[in-house]
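Accompanying notes for the structure given below.
Values in this text are rule-based calculations from the coordinates and carry no lab data. Everything numeric here is computed off the predicted structure, so don't read it as measured data. Cβ placement follows ideal geometry from the backbone for every residue including glycine, while neighbour counts extend to all protein chains displayed.
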Amino acid sequence: MELDPVCGMKLSNIFDTPRSAYKGRVIYFCCPKCKGMFDTNPDAYTSGIHFEFSYSNPKPDKCDCNEKVLSIRPSRR
């Protein structure tokens, strides 16, 4: 199972999902919005820094990234 590095959604079916190649790896996304955010600044999502996402009405197992605003801020872990 793959994990979208932008929104954290678990992806069980990766055959029809958007993807990017990054440093010899294939990165999978739940939607084009998450792919675009990653492609703009991939190091922000692969640097090992943990992020908190602020959005309302999350829907498990259903991508609704186009209906929410993903705001990224570093978290303290």
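For GLU2, the residues 5 or more places off, or on other chains, whose built amide H falls under 5 Å of its own are LEU11.
Checking every one of the trypsin sites (Lys or Arg not before Pro) in segment 3-40 against DSSP loop status and a limit of 10 other Cβ atoms within 10 Å picks out LYS23.
Using a simple spin-label model with pseudo-atoms 7 Å out from Cα toward Cβ, ALA21 and ALA44 lie 2.5 nm apart.
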